[in-house]
Amino acid sequence: MTDTLGLVGRHPFLAGLPDGTAALVTGCARLVAFDKGELLLAEGGTAATLYLIEGGRVGIEIHGPSEGRVVIDTVGPGGVVGFSWVAPPFRWQFDARAFEPATAIAVDTERLRTRLVEHPAVGYALVERLSWVLLGLLQATRIRLLDLYGDGRRR
Amino acid sequence: MVDVAEPVTHPAALRSPLSPRPYRVVGRRVDLVDVVTLVLEPRLGQPPPFAHGQFNMLTAFGVGEAAISISSVPRAPGPIEHSIRDVGPVTHALCNAEVGGVVGVRGPFGIGWDVDGLDDATEVVVVAGGIGLAPLRGAVADLVERRREAGGRVYVLAGARSPDQVLFADDLERWRRAGAHVAVTVDIATPDWSGAVGVVTTLIPEAPFDPARTVALLCGPEIMLRLAGRALVDDGVDPARIRVSLERNMQCGVGLCGHCQLGPLLVCRDGPVVRYGGLADELLMERQR
């Protein structure tokens, strides 16, 4: 638990949050490891985990019968994977797969939600932090829509 | 004997910055489906000295002229290299120049990266998007070599549209083996790609450089320059220690014609490399009417 608390406390996702946040999250967390190619989460499954990536790189993917596996994004150490637990229908929209051996802090979000309701100040701070991350992802996605490296003819 | 099919330059014109000198194409390398590197040497004499980040005006005779950055290392013996992206009639003609053919060269022009004076402990973060790695190639090669035994490190963060558009893949691997931190991300992945996917700025937090002793060199699409500059400043890099290479419609190369004006700058003369803090950060925010 002490090791987990240290890791959770040092993760960039929680940097600068109020005292007690790391301890609260740690109470819902465990350390997990994934082999190369292993799925952290699978499209359609129940979304109940937030992954704080510690090591390795994780690909966010979707697959189609004709397209095959399409990697949409990757997340490295210090990043966060798994947001569909935030809102109904609490179902993963994509796959997340370890591109290389990966380690993460897996947070049980059902327990976390209960704890956050009990501690609204920490809850607000954590939700606000989650909003920052989601905003960053939204902005990065919009930038990619510009196709900056295209030659203009492809836009 | 003079080959009558080739342009002949009057000796007096050789001294004029507006007259192209004939250079022989002595090598041609297809880097990407739309990027070709031409290896050029003057038909007479040696190429003039140049600095990292400077550019030449290359002429495809009978078609036109385009500003192309020099992508080889200054002081390196032998011919000079230009990496050209095929985006229009002139660059298309240049990309299709054959070994043994002749192109015109004027230059070198402009202000370069000015990295020769950096002390060895300075860490250098290079952020390049697409063809933006070409004007940085010589500087990175030089910096990696100079830092092999020194305390400073080079961080090369490169973005490309897709894996088949990653420029200078061999150089990137060579720099990595020589001790540089090299990270590449693509906007659109293919099934065989196992690297990062996303915008190039996402590579910045993962690069373990010390912002307090960092100089950053940025080249790529202007929107990317703006975002990368901001991300580096947010990370603690001094805006005055960030340099960006601007791209404009360079024509004369010597600040006479005004085609490349950007705010108070004539980019061909006052750039292409300018400081980010207090200059490029504002110019890159200007809205064209």
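At a glance:
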| item | result |
| --- | --- |
| 1.4 Å probe accessible area per residue over region B:15-109, in Å² | 42 |
| Per-pair calculated FRET efficiency, R0 = 51 Å: A:SER66 and B:ARG213 via Cβ, rounded to 0.05 | 0.50 |
| Amide H contacts of B:LEU217 (H built 1.01 Å from N, under 5 Å, at least 5 apart or other chain) | B:VAL125, B:VAL126, B:VAL127, B:ARG243 |
| Helix-only CD estimate at 222 nm, as mean residue ellipticity for chain B, using -39500 (n - 2.57) per DSSP H run (n ≥ 4) | -4500 deg cm²/dmol |
| Positive-end residue of A:GLY150, A:VAL58, A:ALA96, charge dipole of chain A with Cβ unit charges | A:GLY150 |
| Alpha-carbon centroids, region B:118-197 and region A:120-149: separation in whole Å | 27 |
| Accessible area buried, both sides summed, chains A and B with 1.4 Å probe, Å² | 1900 |
| Positive-end residue, the protein assembly as shown charge dipole about Cα centroid, Cβ charges, pick of B:ALA134, B:GLN54, B:THR185 | B:GLN54 |
| Hz values of 3J(HN,Hα) by residue in region B:157-163 - Karplus curve (6.51, -1.76, 1.60), Gly and Pro given as x | 10, 10, x, 9, 5, 7, x |
| Inter-label distance, nm, simple model (7 Å from Cα along the C-beta direction), A:LEU130/A:ARG111 | 1.7 |
| Probe 1.4 Å, protein heavy atoms only - accessible area per residue of region B:115-285 in square angstrom | 38 |
| Student exercise, chain A dipole from Lys, Arg, Asp, Glu Cβ charges, in Debye to nearest 20 | 360 |
| J(HN,Hα) series, region B:174-187, from Karplus relation 6.51 cos²θ - 1.76 cosθ + 1.60, nearest Hz, glycine and proline x | 5, 5, 4, 5, 7, x, 6, 7, 10, 10, 10, 10, 10, 6 |
| Net dipole in debye of chain B [+1 Lys, Arg Cβ; -1 Asp, Glu Cβ; about Cα centre; nearest 20] | 560 |
| FRET efficiency, A:ALA87 to A:GLN139 (Cβ-Cβ, R0 22 Å, nearest 0.05) | 0.65 |
| Prolate/oblate/rounded label for region B:15-109 (Cα gyration tensor, a/c 1.5) | rounded |
| Dipole magnitude (debye, nearest 20) for the protein assembly as shown, charges at Cβ of Lys, Arg, Asp, Glu | 680 |
| Selected from A:GLY76, B:LEU167, B:GLY151, residue furthest toward positive end of dipole (the protein assembly as shown; charges at beta carbon) | B:LEU167 |
| For A:ASP73, residues with placed amide H under 5 Å, excluding near neighbours | A:ILE60 |
| Rounded FRET efficiency, nearest 0.05, which uses the C-beta distance separating B:ARG275 from B:ASP235 and R0 of 22 Å | 0.80 |
| Added length on full extension, which subtracts the Cα-Cα distance from 0.36 nm per residue, A:THR46 to A:LEU146 | 32.7 nm |
| Fraction of accessible area attributable to carbon and sulfur, region B:167-207 (%, probe 1.4 Å) | 53 |
| Helical segments meeting 20 Å axial Cα length and Kyte-Doolittle 0.5 threshold in chain A (DSSP H) | A:120-145 |
| In Hz, Karplus ³J(HN,Hα) per residue of region A:19-33 (6.51, -1.76, 1.60; θ = phi - 60°; x = Gly, Pro) | 3, x, 5, 4, 5, 5, 5, 4, x, 10, 10, 8, 8, 9, 9 |
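The values are calculated or read from the model by the stated rules, or taken from the named source; none is laboratory data. Quantities reported herein were computed from a predicted structural model and do not represent experimental measurements. Positions of Cβ are backbone-derived with ideal geometry, glycine not excepted, and every protein chain shown enters the neighbour counts. Ligands, DNA and RNA are stripped out before the accessible areas are found, and what is left, the full protein with its side chains, is counted by its heavy atoms. Shrake-Rupley method; radii C 1.70, N 1.55, O 1.52, S 1.80 Å.
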